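These notes are about the structure you will find just below.
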């Protein structure tokens, strides 16, 4: 008599493995239910995770950036530990050089822009107001303007928001503390990642049963490839965008060229949405400067985006992630809504990791299905 877990339907879905998966899903669901009821008990754990997450994420990013250099030094028969020490010393020297040469100039532009920003915004509002009043929608705009003024006059006094201000200051102090902790712990975590990071998958794989180790190692290799391609490629692309933007801003003569180029370089790590965010401060300055400056800025921005989209990204990153642009936009919007700015930054690599898991799970089920079909064919042949 056949066991119930060897029936055709159960075998089709993976046999006992199906029960293991259902059991894991049940445990996850129960954990979510318990957390939703007594989440306050896990507050210390959440604080610990939030404190540790930032240095670990930064260490992983820097690890993937420096790993090719370490591997190159090993090919030159330099011991791994010495290669790590030399690389870290070079990185510290490069950062020190950038701080000495670029940061003071960048800081000067930032302070100047912060002082001039209120005036830029006032000029922008006045320019937009004059344009709307003189346009074909002028009458509708006047009525809307009066309605908005009436609503604003009914708003409570700013003094009622003192509690929110205190909360904002507390949040800023907490964030600053986490950043300081991340900077202090980053070198130590990074050193051990560079030293033993390549051994970590093998150690984790041995936790699993021998039959599953090959599949688990394949998952680790897929995740490693995805993260390596994305992080290394995105940093190089962002650097290229910053250089091209800076050259373009210098050519058209827009104010705060270095600062605006730095903003464009940093925000470009977010696909599709990053360039829109980067162009906003430059567009405000261009509108206040002159209409011709807006045209020149639009030309520079278009040229840079075309070069990045048609030549730089395909050559550097290729299609390693295999993610459709529409999927990227939905992932960014969802992650941004759930986790804010951090979610937007980590959305694409996080989605790539999940995709690796799902893909390998699908392939595993497909193998089980093919094995089931082969067995059935064999039974039919024997009959």
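The values are calculated or read from the model by the stated rules, or taken from the named source; none is laboratory data. In this text the structure is predicted, and so the values were computed from the model without any measurement. Cβ sites come from the backbone with ideal geometry, for glycine too, and all protein chains shown count toward neighbours.
Taking residue 118, is it part of a helix (DSSP H, G or I), within 29 Å of the chain's Cα centre (by Cα) and more than 22 Å from residue 234 (Cα to Cα)? Criteria not met by residue 118.
What about residue 207, is it outside any helix (DSSP H, G or I) and over 24 Å from residue 310 (Cβ atoms)? Criteria met by residue 207.
Criterion applied to 353, 285, 316 was being over 25 Å from residue 242 (Cβ atoms) and touching a residue at least 40 places away in the same chain (Cβ under 8 Å), and the one residue passing it is 353. Checked against (1) surrounded by 12 or more Cβ atoms within 10 Å (Cβ to Cβ); (2) in a helix (DSSP H, G or I); (3) at pLDDT below 80, residue 352 passes all but condition (3). Could we say that residue 271 is over 17 Å from residue 307 (Cα atoms) and either surrounded by fewer than 22 Cβ atoms within 10 Å (Cβ to Cβ) or touching a residue at least 12 places away in the same chain (Cβ under 8 Å) (or both) here? Taking the combined requirement at face value, the residue does not satisfy it.
Of note, residue 70 satisfies the criterion of being surrounded by 12 or more Cβ atoms within 10 Å (Cβ to Cβ) and modelled with pLDDT of 70 or more. Within this structure, residue 263 passes the test of being within 22 Å of the chain's Cα centre (by Cα), without any contact (Cβ under 8 Å) to a residue 60 or more places away in the chain, crowded, with 19+ Cβ neighbours inside 10 Å and farther than 15 Å from residue 307 by Cα. Since residue 251 meets every condition but one in (1) buried (at least 21 other Cβ atoms within 10 Å of the Cβ); (2) at pLDDT 90 or above, which condition does it not meet? Exception for residue 251: condition (1).
Scanning region 192-206 for residues that are without any contact (Cβ under 8 Å) to a residue 60 or more places away in the chain, closer than 23 Å to residue 350 by Cβ and either buried (at least 17 other Cβ atoms within 10 Å of the Cβ) or more than 27 Å from the chain's Cα centre (by Cα) (or both) gives a single hit, 205. Within region 271-327, the set of residues being outside any helix (DSSP H, G or I) and either closer than 30 Å to residue 353 by Cα or modelled with pLDDT under 80 (or both) comprises 271, 272, 317, 318, 319, 320, 321, 322, 323, 324. Pairs meeting the criteria (first residue in region 294-308 and within 12 Å of residue 275 (Cβ to Cβ), second residue modelled with pLDDT under 90 and part of a helix (DSSP H, G or I), beta carbons under 6 Å, at least 6 apart or on different chains) are 301/279.
The residue list 46, 58, 54, 41 contains one member that is surrounded by 14 or more Cβ atoms within 10 Å (Cβ to Cβ), modelled with pLDDT under 90 and over 17 Å from residue 229 (Cα atoms), which is 54.
For region 217-248, taking the residues that are surrounded by 20 or more Cβ atoms within 10 Å (Cβ to Cβ) and free of Cβ contacts under 8 Å to residues at least 60 places away in the same chain, the one that is nearest to residue 349 (Cα to Cα) is identified as 242.
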